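Undergrad: Below is one structure. I have some questions about it.
The values are calculated or read from the model by the stated rules, or taken from the named source; none is laboratory data. From a predicted model like this one, the values you see are computed outputs, not experimental measurements. When we count neighbours, we look across all protein chains shown, and the Cβ atoms used for this are built from the backbone with ideal geometry, even at glycine.
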């Protein structure tokens, strides 16, 4: 074998491997932040460096906490799938700011069942609190009310169970309003619950749980007005929003303070004496707080959005939607895409898409006798690997292998 002659510069040099582990951490983190979470999770299984970065990197959590526009957005479903009312979660239907309504596109086949921490056997719309940067807050049915104590990452399988609310003896018909959101300036995720001891209480006690702080539930001294406790708060731009029949209230997560918001114009026309004739609520559409109002006696709906300036806040009507009246059906808008199509949940068992350009409706997920998605609840969701452990929580781990709906039989859905 010929020896290398280093004096003359001639010899055999070892070829560089070019392996991913040779990349600097900051470059690797940037690459990871642009890849689909599912792809990175697969790579993690064979690369110890990726495993370490995902567990210890606060930078990765902040990247995914602030660049939701880089990621594929999908729909997270909570629904019942059998007669026992067992709650199941499904994820899929990536729409990337546009919804595919082509006749050949089978939306339901994109859905995958998510393995999640055990939930009670009750209606799902009462349990979903919110989705924020890949973390999902779920509630526990407790004293006939929902206590927001589950935090869960569907992509990584991490979850934590927060301390439950201790209801004082003698409380009659207690109520709990709830919300979940994120403070980007401090990279903090906060769960808020407002406890009303009994049905006579006009004000509630605010409790805040900051993930990873180690402080548990903190009780605020300022009381909170009565709000609709049946529906979770809407999270927009650092604040949680609740409403009652005529008023809108915001809770600033950074300052942990409450303020009133001007009421949407439809609130002044709602007949409080006939609540069953009106369908209304707060939703988040394309990052804006919106109020929708549907008069069940007339086939139309208005959607208003809250506009902010340096001086004030005001509501602007964005859509008036007319549809064919069918047995006073309830429509609940959930997503406004970049091409101005609106996705609705109808009567908690059907999902439809409305195109304002040509005023047409199309069913995306219809009633299916072979897959009973009754009591459906839907929110937009992005898969991330925001780590509860990195945030400071002692998280549990649940295997999150998913199966496509098309690969399941009805018996395995429960």
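Undergrad: Out of 365, 345, 378, which single residue is under 30 Å from residue 188 (Cα atoms) and either modelled with pLDDT of 75 or more or in contact with a strand residue (DSSP E or B) (Cβ under 7 Å, 6 or more places away or on another chain) (or both)? Can you show your working first?
TA: On the way: 365 fails: under 30 Å from residue 188 (Cα atoms); 345 fails: under 30 Å from residue 188 (Cα atoms).
Among 365, 345, 378, only 378 is under 30 Å from residue 188 (Cα atoms) and either modelled with pLDDT of 75 or more or in contact with a strand residue (DSSP E or B) (Cβ under 7 Å, 6 or more places away or on another chain) (or both).
Undergrad: Can you report the number of residues in segment 177-222 which are in contact with a helix residue (DSSP H, G or I) (Cβ under 7 Å, 6 or more places away or on another chain) and in a loop (DSSP other than H, G, I, E, B)?
TA: Here the count works out to 4.
Undergrad: Also, I was wondering about something else. Output the strands (runs of 3 or more DSSP E) that fall wholly within segment 238-326 and possess 1 or more residues being surrounded by fewer than 16 Cβ atoms within 10 Å (Cβ to Cβ) and either touching a strand residue (DSSP E or B) at 6+ places or on another chain (Cβ under 7 Å) or modelled with pLDDT under 90 (or both), or say none. Don't jump to the end; show me each part of the working.
TA: Numbers: elements: 239-243, 248-252, 257-261, 278-285, 288-295, 300-308, 313-322.
Filter on segment 238-326 gives 248-252, 257-261, 300-308, 313-322.
Undergrad: Continuing with the same structure: Within segment 166-188, how many residues turn out to be surrounded by 13 or more Cβ atoms within 10 Å (Cβ to Cβ) and under 25 Å from residue 260 (Cβ atoms)? Even if it seems obvious, please write down each step before you answer.
TA: Applying the first criterion (surrounded by 13 or more Cβ atoms within 10 Å (Cβ to Cβ)) to segment 166-188 yields 167, 171, 173-184, 187-188.
Right, trim to under 25 Å from residue 260 (Cβ atoms) and you get 174-184, 188.
Qualifying residue count for the region: 12.
Undergrad: Assess whether residue 232 counts as being touching a residue at least 12 places away in the same chain (Cβ under 8 Å), under 16 Å from the mean Cα position of the chain (by Cα) and farther than 22 Å from residue 269 by Cα.
TA: On the way: touching a residue at least 12 places away in the same chain (Cβ under 8 Å): yes; under 16 Å from the mean Cα position of the chain (by Cα): yes; farther than 22 Å from residue 269 by Cα: yes.
Judged against the criteria, residue 232 is a match.
Undergrad: Sticking with this one: Against the definition (within 22 Å of residue 188 (Cα to Cα) and more than 22 Å from the chain's Cα centre (by Cα)), how does residue 214 come out, yes or no?
TA: Details: within 22 Å of residue 188 (Cα to Cα): yes; more than 22 Å from the chain's Cα centre (by Cα): yes.
It is true that residue 214 is within 22 Å of residue 188 (Cα to Cα) and more than 22 Å from the chain's Cα centre (by Cα).
Undergrad: To continue, here is another question. Residues in segment 249-271: is at least one free of Cβ contacts under 8 Å to residues at least 24 places away in the same chain and touching a helix residue (DSSP H, G or I) at 6+ places or on another chain (Cβ under 7 Å)?
TA: Yes: segment 249-271 contains one or more residues that are free of Cβ contacts under 8 Å to residues at least 24 places away in the same chain and touching a helix residue (DSSP H, G or I) at 6+ places or on another chain (Cβ under 7 Å).
Undergrad: Tally the residues that are in contact (Cβ under 8 Å) with a residue 60 or more places away in the chain and farther than 21 Å from residue 391 by Cβ, restricting the search to segment 211-229.
TA: So the count comes out to 1.
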